[in-house]
Amino acid sequence: MIRHIVMWKFREDADPTEFLTRLAALQGEIDWIRSMEIHRSAVADAAYDAVLISDFDTLEDVERYKKDPRHVAVSDLYKTIRITRSAIDIEL
C-alpha cells in the first residue's frame, strides 16, 4: 500500500473551499483511491494550510491518479491559489 501525502500553503487572499471540496469528491469518482482524508490546519500561521492523506494499492495507481483528467482539473484549480506544495509517497 502507498500513502500519498500532499500539503499546501495558500495565498492569503485565496479561498480554498472549492478546491478542497472538489478534491474530496475525487474519492467517489476515481476507483483506485482506496481512502482519502483532507484536513485544514488548526493553527493560523502554520507552514501549510491543508493536507491530503490518500492511500493507493501501488505507485502505478498514484501515477494514474495524478494523470487522471478529473484530478488534473482539480490540480489546475489549486495551482491558481497556492503559494507552495510539498508531497511524499510512502510505502506502508
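None of the figures in this text is laboratory data; all of them are computed from the coordinates on show. Predicted model only: the values in this text are computed from it and were never measured. Neighbour counts run over all protein chains shown; Cβ positions are idealised from the backbone, glycine included.
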Where labels lie 7 Å past Cα in the beta-carbon direction, separation of residue 76 and residue 55 in nm: 3.2
Helix runs (DSSP H) in the chain reaching 30 Å along axis by Cα, Kyte-Doolittle at least 1.6: none
Kirkwood Rh and Cα Rg combined as Rg/Rh, the chain: 0.95
Listed residues 41, 75, 54, most fluctuating in the chain (Gaussian network, C-alpha, under 10 Å): 41
Per-residue [θ]222 nm for the chain (sum of -39500 (n - 2.57) over DSSP H runs n ≥ 4, rounded to 500): -10500 deg cm²/dmol
Relative contact order (%) - criterion: Cα under 8 Å, at least six apart; region: the stretch 1-60: 51
Inter-centroid distance (Cα atoms) of the stretch 68-92 relative to the stretch 30-57, Å: 11
